[in-house]
Amino acid sequence: MTNESTDQPSDAATNRLAGESSPYLLQHAHNPVNWHPWGPEALQQARNEDRPILLSIGYAACHWCHVMERESFEDAGTAELMNRHFVNIKVDREERPDVDDVYMRAVQMMTGHGGWPLTVFLTPDLEPFYGGTYFPPEPRHGMPSFVQVLDGMAHAYRERRGEITLTAGQLRDHLQAQAPQGAYAAAPSAKTIYRAVMAQHDNFDPNYGGFGGAPKFPHTTGLMLHLRYAVSQDDPELLGEVLFTLRQMAGGGIRDHAGGGFHRYATDARWLIPHFEKMLYDNALLAVTYLEAYQHDGSADLSEAASTTLDWVRREMQDPRGGYYATLDADSEGVEGKYYVWSQAEIEELLGDDAAFFMAAYDVSPGGNWEGANILNTPLPLDGIAATHGVAEDDTRARLDGCLATLRGARAERIRPGLDDKILSDWNGLMIAAMARGYRVLGNEAYLDSAVAAATFVVEDMMRDGRLVHSQRDGKAGPSAYLDGYANMLWGCVELFESTFDARWLQHARALADRMIELFWDDDHGGFHFTGSDQEVLIARPKSGHDGATPSGNAIAATWLGR
């Protein structure tokens, strides 16, 4: 059977993604590419027609996913090449983290880096043989164009099948060998924890905080570990590193000062220029970290960073049924960050007599600090700003908060970034824990009400025959939950029990733990698998005789692309 086809979307206006519930997949439902969702129909078609699979993985809030869609997936000529040579599959990484994990590791193994959009070429047996991330429409910066990649991979699959088979087999074997066979059942040793903290300490940035250089991610679990270790060892230097980092982040542009919450990461060392998307799980873990830091330090700036984050989630990210939404896009009106930045003229018009005071506090200038616009941040101590402008120090925060509320109201009239409103059980577990902790630390009952509503939704609407569902949108359930869904919801239920002493939350936690052990525990090696015993196996075990050579993606590309 030929490995080429003129396979086109079955409907002139839409492709097979039109019936999906994922906002990310629906974004691509009108592409001229004949996209398939991940599933047996597409996989069987690839086998029947002996055609390679082009797997594209991303998520709704991903800026570069949008860019590649505009440049390539909406282009009729590019789509024709894709449809002729490949079975094209689009995956939402937030719906299928198992698929994303396997093929992200494959691309990292081949190229040394990863990211989204993730572009992977597979055999009909789902074995990867080449991949990358974003490919431009024209060659640039040493990267081939996407069309060159398509032509090269199609030609290689037709004419150099033996090399494809060898490469795919090597990658399969390495992926299987790299996959952990289980984890130690015991807790990490004191020596292991010490080494982890010291590794961060050695990379601490004394100028701007954080560990390492740009781009800077919050790395919340690392910050939590650093904080807890510093407190347990009564180490003022380590504690100072964490508190300085948290304050630099809270004052930087990575924080949404007008609306609350934190963006995904900073592209610079100063935490000033964010990648503007907002993720539920980042904000959950950051809220917990700020709350724990506040408990040890007692400073209002730390509690304020936590409370404004939780307030933003309650206001903008909680469904009326209780569950929390997944992400807010980086783009609005097709422009990254447009929703979040300000001109000086806008600030002056909105704030009137308060404008000069506010602009001094939040680094607003005529030329801006990013592409001619202003990202709000607080580089100077507020007490100095207050003294310079003759404002009583006690009144400074209240006056600035009033200005921020005015800006927030004005911003609400703008076109909002896209909302991915699917509800994920793993990320909801984290935010439930954060809200319950916020109630206990700050005493705001609204946080407890929010956590109870979300947890009630998950246990009543995201359980099927005693098993947790990973995702839900518009009443349509996604796949079964993965390990982190059970673990995070278990944590959320325990935090709720500690906040309410309502035994039902402890009972839910116990039921989740029992099911987690049943589905994920490795009887042979100890520890837990990420996928359950009833879930799809993506990479088969390696065949004997593997020679141990790791395939080089760069070398493969140079050969197959004729460079």
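From its DSSP helices (H runs of at least four residues, each -39,500 (n - 2.57)), the chain gives a residue-normalised ellipticity at 222 nm of -15500 deg cm²/dmol. Ligands, DNA and RNA are left out, and with a 1.4 angstrom probe the accessible area of the chain is 41 Å² per residue.
Surface composition of the chain: carbon and sulfur make up 50 percent of the accessible area, probe 1.4 Å. Taking label points 7 Å from Cα along the Cα-to-Cβ direction, Thr221 and Tyr194 give a separation of 2.3 nm. Spatially close Lys pairs in the chain, defined by Cα atoms under 21 Å apart and a spacing of eight or more places or different chains, total 6.
Checking the a/c ratio against 1.5 first, then a/b against b/c, what shape does the Cα gyration tensor give for the stretch 294-388? The partial results should precede the final answer.
Details: a/c = 2.28, a/b = 1.19, b/c = 1.92.
Since a/c reaches 1.5 but b/c is at least a/b, the shape of the stretch 294-388 is classed as oblate.
FRET efficiency for the pair Asp514 and Ala477, taken as 1/(1 + (r/R0)^6) with r the Cβ-Cβ distance and R0 = 25 Å, rounds to 0.70. Using θ = phi - 60° in the Karplus curve 6.51 cos²θ - 1.76 cosθ + 1.60, the 3J(HN,Hα) couplings for the stretch 235-251 round to 9, x, 5, 5, 4, x, 4, 5, 5, 4, 4, 4, 6, 5, 5, 5, x Hz; x is entered for Gly and Pro.
Lacking any other cysteine beta-carbon closer than 4.7 Å, the following Cys residues of the chain have no compatible partner: Cys403, Cys493. Summarising the label geometry, the points placed 7 Å from Cα in the beta-carbon direction at Asp50 and Leu506 lie 6.4 nm from one another. The overall shape of the stretch 94-157, judged from the alpha-carbon gyration tensor, is oblate: a/c is not under 1.5, and a/b is no greater than b/c. Each residue of the stretch 193-198 is assigned a 3J(HN,Hα), and the resulting list reads 4, 4, 4, 5, 5, 5 Hz, derived from the Karplus form 6.51 cos²θ - 1.76 cosθ + 1.60 (θ = phi - 60°), x at Gly and Pro.
The modelled label-to-label distance for the pair Ala345/His296, using points 7 Å beyond Cα in the direction of Cβ, is 4.8 nm.
Using the Cα gyration tensor of the stretch 95-214, with a ≥ b ≥ c the square roots of its eigenvalues, what is the shape: rounded (a/c below 1.5), prolate (a/b larger than b/c) or oblate (neither)? List each step's numbers first, then the result.
On the way: a/c = 3.18, a/b = 1.57, b/c = 2.03.
It is oblate, given that a/c is not under 1.5 and a/b is not larger than b/c.
Compare the peptides 335-343, 366-374 by average per-residue count of other Cβ atoms within 10 angstrom and give them in order, highest first. Show your work: numbers first, answer last.
Details: 335-343: 18.9, 366-374: 14.3.
The densest-packed peptide leads the list: 335-343, 366-374.
The values are calculated or read from the model by the stated rules, or taken from the named source; none is laboratory data. On a predicted model such as this, the values are computed, not experimentally measured, just so you know. Methodologically, a virtual Cβ is constructed for each residue, glycine included, from the backbone with ideal geometry; neighbour enumeration extends over all protein chains shown. We work out accessible area using only protein heavy atoms, side chains counted, and drop any ligands, DNA or RNA first. Shrake-Rupley method; radii C 1.70, N 1.55, O 1.52, S 1.80 Å.
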